[in-house]
Each structure stands twice: as structure tokens, then as C-alpha cells.
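In what follows, a single structure is set out as C-alpha cells and then discussed.
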Amino acid sequence: MSYAIGDTLPPFVVDSVSPAAMREWAVFLADPNPIHLDVEVVKAKGLGDRVINQGPINVAYLINMLLAAFPGGRIESMEARFLDNVYDGDQVVASGRVTAVEEGRIACDISLDVTGRGTVNAGTATVLI
Amino acid sequence: MSELAELPPPPDVAGFKLDGTEIFTISAVENAALCRSTGVEPALDGTAHPIYYYIGTQVAMGQTVAGLCAVCDFNVEDGPMMGSSTARFAAPLRTGGQYRVSGEILSVVRKRSRKLGVMDVLTYRLRLHELDGRTVVETDNVWVLPRKELV
């Protein structure tokens, strides 16, 4: 398969971010921060009225998009900046665009957007193909 | 004198070691659950989800999240926020793989932002090593620590 600068990568869509997944990730991350588990804590802190997805899950969505876009490829490096929160029930779309093509290596801009609210993560990645 | 110069200095913790003492093992069962929780099936070739770069380093560094905040004289209850995360992979992570963590705090910089007021920007670096010492992945994480008491 060939790639060119400007190619858009197939999006990875999560139709509804799941609070059940947040509970699993509290265990994976060994981090029981209640803003991911208890909506009353989120309200008390003035952070909204839905539990907040753990940041690394959002990075995992970006990784899923990259691995699906480049079957058999391997991520060499990536950077993700956290611009806003993702909440329980949000629809999120991970997407990317090719910015450089070298022998065996593709560079991309990547982003995660919440439908109706805009970009919540943005960054770059290089994938060995 | 600038506004920042009127503030107390941030904690002097650059160089603080975050070396882990425990071995972190990526369980195939947990990897499968993690993959499915993000909407994908686990790989069939024995590679783990690459997000284990973050999980493995966080879980097996020499501090809990609350402990890392405390090193920076910050109460985790005050709400640390992720600023960015960078990863550089030398090789894939593998299910059943066993890894050690090394790392250190790179910097804590005090800033004033229009949105958050006074905040400390913590940057720390962690590495996952094979048990023979080879580095598999290196990550730099940036956290924002709002200093409400200094607003």
C-alpha cells in the first residue's frame, strides 16, 4: 500500500464513551481518582455533570486509529496534548493525516474530537511500516 | 519586578528519582480486557496494546500518583491535570513481558495562566526496561498542578 502527504487516515469512532471502561481503567492504572468513578465528586468539584474519561484512554483511541490505518505497522513515537476532557456518553472520533513519507516510516498529525464540541487531544506520531 | 518573581519558588525536585522496585508484567488477560474496553480486539501476535507504555510506567514507578504529587508539594485532591504525553518505542511491548521502570523528574516550572491562575508544570521521564536492561520505551509526561493557594 502506498501513502502520500495529505492522505487522511480512516477514523476510529467510539459511539459512546463508557463509564464501565473507566472503572476498569482505574484498576489498570492503579489510580482510583473519583472524578472518573463518581459523578457526585465531578459535580462537587465543578467539573461538569458526567464522569471524566481517564486521559490515557483517549491516547489509546488514537493508537487504535493508527494501528488500524497501518496494518502490520508499529508506532515508533507519538505525542498527545490534552486540550479538554472527554465525558461519559461522548462520541469521540480519532483521526489523522499523513505529513511525511520516508522509506519505511510515515509521520502523521493526529487528533481526537468530541462530536459537537471539538478537539480534545492533538499531537503527532511516526509509524514504522 | 514581574508577577512571577513575587511568587514563592516551585519545589526544587528536578532530578528526583522515580525508579521502580517492582517488576511490571503485562498480563494477556488484562491486555485483552483493556483492548476490548477501547473498542478493539487484542493482537494475535503477542504484542500488547502500546498504551501499556503509560500504564506500565505509572503503575511500576517508585511512586503512586498521589505520592508523585506529594513529592511536588501538591495534594492530589487539588486535581492534577494531564498536559501532554510523549512516547518513544524501541520495540513493541509484549503480553507476558516483564519490565522494570526507571525515571526522574525533569522539571517543575511555576507559571501564571489566565484560565488556571498560578500553576506548576511538572515534567517527568520514565522508561520501561526489559529485565536484561534494554530500554523498550521512554515517555515524557507533563502534568499541570493548579496552585489554588497562590492565586
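So, in the stretch B:96-118, of the ones that are of a type in the set (S, T, N, Q) and away from chain A (no Cβ under 14 Å), which residue ends up farthest from B:Ser27 (Cα to Cα)? Give the derivation first.
Step one: of the stretch B:96-118, the residues of a type in the set (S, T, N, Q) are B:98, B:102, B:107, B:113.
Going one step further and asking which of them are away from chain A (no Cβ under 14 Å), we end up with B:98, B:102, B:107.
Values: B:Gln98: 9, B:Ser102: 20, B:Ser107: 33 Å.
The extreme case among them is B:Ser107.
Return the residues of the stretch A:14-62 that are within 9 Å of chain B (Cβ to nearest Cβ), over 30 Å from A:Ala107 (Cβ atoms) and hydroxyl-bearing (Ser, Thr, Tyr); say none if nothing qualifies.
Selection gives A:Ser18 alone.
Going by what's in this entry, would B:Ser85 be described as within 14 Å of chain A (Cβ to nearest Cβ) and in contact (Cβ under 8 Å) with a residue 40 or more places away in the chain? Reasoning before the result, please.
On the way: within 14 Å of chain A (Cβ to nearest Cβ): yes; in contact (Cβ under 8 Å) with a residue 40 or more places away in the chain: yes.
Taking the combined requirement at face value, the residue satisfies it.
Would you say B:Gly39 is in contact with a strand residue (DSSP E or B) (Cβ under 8 Å, 6 or more places away or on another chain), at pLDDT 95 or above and on the phi > 0 side of the Ramachandran plot? Working first, answer last.
Details: in contact with a strand residue (DSSP E or B) (Cβ under 8 Å, 6 or more places away or on another chain): yes; at pLDDT 95 or above: yes; on the phi > 0 side of the Ramachandran plot: yes.
In short, yes.
How many residues does the stretch A:36-78 hold that are of a type outside the set (Phe, Trp, Tyr), over 21 Å from A:Tyr3 (Cα atoms) and in contact with a Ser or Thr (Cβ under 8 Å, 6 or more places away or on another chain)?
Just the residues of the stretch A:36-78 that are of a type outside the set (Phe, Trp, Tyr), to begin with: A:36-60, A:62-69, A:71-78.
Restricting the remaining residues to those that are over 21 Å from A:Tyr3 (Cα atoms) gives A:36-60.
Cutting the leftovers down to in contact with a Ser or Thr (Cβ under 8 Å, 6 or more places away or on another chain) gives us A:55-57, A:59-60.
Number of matching residues: 5.
Take the stretch B:33-63 and flag every residue that is farther than 21 Å from B:Ser84 by Cα, more than 9 Å from chain A (Cβ to nearest Cβ) and buried (at least 16 other Cβ atoms within 10 Å of the Cβ).
Listed by number, the residues that qualify are B:Pro42, B:Ala48.
Please find, among B:Glu138, B:Glu149, the residue that is outside any loop (DSSP other than H, G, I, E, B) and at pLDDT below 95.
Working: B:Glu138 fails: at pLDDT below 95.
Matching residue, one of B:Glu138, B:Glu149: B:Glu149.
Within 30 Å of B:Arg112 (Cα to Cα) and not in a loop (DSSP other than H, G, I, E, B): does that describe B:Ala14?
Numbers: within 30 Å of B:Arg112 (Cα to Cα): yes; not in a loop (DSSP other than H, G, I, E, B): no.
Against the criterion (within 30 Å of B:Arg112 (Cα to Cα) and not in a loop (DSSP other than H, G, I, E, B)), B:Ala14 does not qualify.
Let me spell it out: the conditions are (1) more than 13 Å from chain B (Cβ to nearest Cβ); (2) basic (Lys, Arg); (3) within 26 Å of B:Pro42 (Cβ to Cβ), and A:Arg97 meets all of them except one. Which number is the exception?
(3)
Cβ contacts < 7 Å: first residue at positive phi, restricted to the stretch A:75-95; second residue surrounded by 17 or more Cβ atoms within 10 Å (Cβ to Cβ), any location; separation 6+ or different chain. Result?
Between residues of the stretch A:75-95 that are at positive phi and residues that are surrounded by 17 or more Cβ atoms within 10 Å (Cβ to Cβ), the close pairs are A:Gly89/A:Val17; A:Gly89/A:Arg50.
For the stretch A:70-86, does any single residue satisfy the condition of being touching an Asp or Glu at 6+ places or on another chain (Cβ under 9 Å) and not acidic (Asp, Glu)?
no
For the list (1) more than 21 Å from B:Ala91 (Cβ to Cβ); (2) facing chain B (nearest Cβ under 9 Å); (3) small (Gly, Ala, Ser); (4) part of a helix (DSSP H, G or I), I need the number of the one condition that A:Gly123 fails.
(4)
Going residue by residue through the stretch A:100-109, is there one that turns out to be in contact (Cβ under 8 Å) with a residue 12 or more places away in the chain, in contact with a Phe, Trp or Tyr (Cβ under 7 Å, 6 or more places away or on another chain) and either closer than 25 Å to B:Thr139 by Cα or within 8 Å of chain B (Cβ to nearest Cβ) (or both)?
Yes, the stretch A:100-109 has at least one match.
Cβ-Cβ below 6 Å, separation at least six or inter-chain, first residue in the stretch A:11-22 and in contact (Cβ under 8 Å) with a residue 24 or more places away in the chain, second of a type in the set (Gly, Ala, Ser) and part of a loop (DSSP other than H, G, I, E, B): which pairs?
As it stands, the answer is A:Val14/B:Gly39; A:Ser16/A:Gly89, since those pairs meet every condition given.
Looking at the stretch A:15-37, is at least one residue surrounded by 22 or more Cβ atoms within 10 Å (Cβ to Cβ) and out of contact with any helix residue (DSSP H, G or I) (no Cβ under 7 Å at 6 or more places or on another chain)?
Yes, the stretch A:15-37 contains a residue that is surrounded by 22 or more Cβ atoms within 10 Å (Cβ to Cβ) and out of contact with any helix residue (DSSP H, G or I) (no Cβ under 7 Å at 6 or more places or on another chain).
Among the hydroxyl-bearing types (Ser, Thr, Tyr), away from chain B (no Cβ under 11 Å) and surrounded by fewer than 18 Cβ atoms within 10 Å (Cβ to Cβ), is that true of A:Tyr87? Even if it seems obvious, please write down each step before you answer.
Details: among the hydroxyl-bearing types (Ser, Thr, Tyr): yes; away from chain B (no Cβ under 11 Å): yes; surrounded by fewer than 18 Cβ atoms within 10 Å (Cβ to Cβ): no.
Taking the combined requirement at face value, the residue does not satisfy it.
The values are calculated or read from the model by the stated rules, or taken from the named source; none is laboratory data. Predicted, not measured: the structure shown is a model, and the values here were computed from it. Cβ atoms come from the backbone with ideal geometry, glycine included; neighbour counts cover every protein chain shown.
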